[in-house]
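Read the figures in this text as sums done on the coordinates, not as results from a lab. Predicted model only: the values in this text are computed from it and were never measured. No Cβ is skipped: glycine too gets one built from the backbone with ideal geometry, and neighbour counts run over all protein chains shown.
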Amino acid sequence: MLWKEKPFSSSHIIMAGFGGMILLGTFLLMLPISSQDGTTTGFLDALFTATSATCVTGLIVFDTATHWSMFGQFLILLLIQVGGMGVVTIAIAIVICTGRRIGLKHRCLIQESISAPHVGGIVRLTGFIFRTTFLIEAIGAVLLSFVFCPKFGFLKGIWYGIFHSISAFCNAGFDLMGVEAPFSSLLGYYDNILVNAVITSLIIVGGIGFFVWDDIRIHTWHFREYRLHTKLVLITTVILLILPFLLFFYFEFGKDTWGFSSTKERVLASWFHAVSPRTAGFNTINLTVLSEPAIFFTIVLMIIGGSSGSTAGGIKTTTIATLFLCIRAVFANRTNIQCFGRRFPVEILRRAVTIFTLYLISFLTGGVIICAIEDIPLLTALFETASAIATVGLSLGITPHLSNISHVVLILLMFFGRIGGLTLIYLVSNTHAPEVSQHPQESITIG
C-alpha cells in the first residue's frame, strides 16, 4: 500500500513547538540542580510547572521562590519569555539574526503564530516585536528594582525586578514572593502605588497585541486611521477595564470584610483586580475572601482574556466584541454585522462562535470533572479551570492540593488555551476534503 506523505501545516508546527518546549522544560526541571534541596522533582509536577510557564499561565504546585533553585527560576523565566512571544516566532527570529532568507512558508508560519492580519511586512513586524518587548520589559524591571533593591539587596532586587517584569508583560503571573510567605503573590504590595502601576501597565501592554502596537506606532494618536481590529481591541479593552473597576470598587471592596483603611487601598485593589484576571495571574488581595458574585465575575473576565496576537490568553477581546456586535445587529434587524463603517465577513462570526463554544465546553467539562473527583464546590473548580484554559494563573488555593488526575486536566486545558482554539480548528479542518457541493437549504425555528 502506498502512503502519500502530507506536509506539516502551520498548526502542526505551532503545536509541536509548544509541546517540544514543554517536554524539554519538564526534563530540565526534573534535574536536582533545578530544586532548592537538590532532589529530583517528580515528572508530573515538573510537567505541570513547565506547561504553566510555557503557556504563560501561572498556576503552580510548588511555590516558585522556595522550591526552585536559581537555575530552576531562570529556566521558568526562559520558558515564560519563549511562551509569551511564541515558540515559532522566537525560532524564526533566530534564523533572521543569522542572515538567512525567510521564505513564504516561514512568513505564513509567523503570521499564524502571532495572529497577524496579513503576510506582508511580517519580518519587519517580528523585529519590531522583539525590540519593543525587550525595551518595555527593561523599563519595567528598572522601575520595579526601585522597590525590590532596598528590600532584598541590590543583586537580588535587580533579579526580582527582571523576573516580575517579564512575568507581568508575558501575562504569566509567576512570582518570587514566597520568600515572605508561600503562595503569597503580591499581597504585601497591595498599597504600593509604584508596584501596582508598573505591574498593571505591563499586563495591559502585553495583552493588547503585537500588531496593535505596530498600528499605533505607524498612525500615532490618529484613531480614525487605525485598522478596524485595533479600534475594536482598544475600545473593548477600555470597557473591560473601567466596568470591572467600578463594580469591584462599589460592590466588593467597599465591604467591611476587606478592612481597607483608606480610599487609596480600595482604588488600588479594585484596579489591580480589574486588570489581573485578564490572563495575568498576580493578585494583591486574598482571593478566598471574594464573594461568590465577585468570583463568578472574575471567571467571566478570565474567559474573555486579552487580545489576539498578544501574550494573553482567553477567547480574546475581538471575539467577545464580535458576538456583542452580532447581538446588536439582530436587535437592529440588520443582515450584516457592522462597526465603524465596515461590515464583517460571515467567516469572522463563525470563528467567534466556534471559539466561544469550544472554550465554554472545555472549561465547564474540566470544572465538572474536578468537582466530581475532588468533592469541592463547583464554583471553586470552575475558577481553577477557567484560570487554566484562559492561561491566567489565579487560584483559590486548591491547585497544589489536587490529585494527579485533576492536574492532568489542568495541564490539558493550559495547553489548549495557549495554542488557541483556531489552531486546533485548523489542525482538524486540514484533514477534511474541501466542500465541493451544497445540500438544499431549509430553515429551522430559533428561540
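Observations
- Average 1/r across all pairs of distinct alpha carbons in the stretch 130-187, invert it, and you get the Kirkwood radius: 11.5 Å.
- Relative packing of peptides 383-391, 280-288, 37-45 - highest average C-beta neighbours within 10 Å first: 383-391, 280-288, 37-45
- Size descriptor, Kirkwood hydrodynamic radius, that averages inverse alpha-carbon separations across the stretch 247-371, Å: 16.7
- Dipole magnitude of the stretch 205-337, debye to nearest 20 (Cβ charges: Lys/Arg +1, Asp/Glu -1, about Cα centre): 380
- With a cut-off of 14 Å between beta carbons, the residues surrounding L382 carry a summed charge of -3, where Lys and Arg count +1 and Asp and Glu -1.
- Taking 7 Å steps out from each Cα toward its Cβ at L364 and I235 produces label points 2.9 nm apart.
- Derived scalar couplings ³J(HN,Hα) [the stretch 207-222; Karplus, 6.51 cos²θ - 1.76 cosθ + 1.60; whole Hz; x for Gly, Pro]: x, 6, x, 5, 7, 5, 4, 4, 5, 5, 4, 6, 9, 6, 9, 7
- With each label modelled as a point 7 angstrom along the Cα→C-beta vector, the R224-Q438 pair spans 3.8 nm.
- Net length gained if the chain between L78 and L246 were fully extended (0.36 nm per residue, minus Cα distance): 56.9 nm
- Contact order normalised by residue count of the stretch 193-285, Cα under 8 Å, 6+ apart, percent: 31
- By average C-beta atoms within 10 angstrom, highest first, the peptides 248-261, 301-314: 301-314, 248-261
- Backbone geometry of the stretch 264-269 corresponds, through the Karplus equation with coefficients 6.51, -1.76 and 1.60 at θ = phi - 60°, to 3J(HN,Hα) couplings of 4, 5, 5, 5, 5, 5 Hz, x marking Gly and Pro.
- Using C-alpha pairs below 8 Å separated by at least 6 residues, the relative contact order for the stretch 231-330 is 27 percent.
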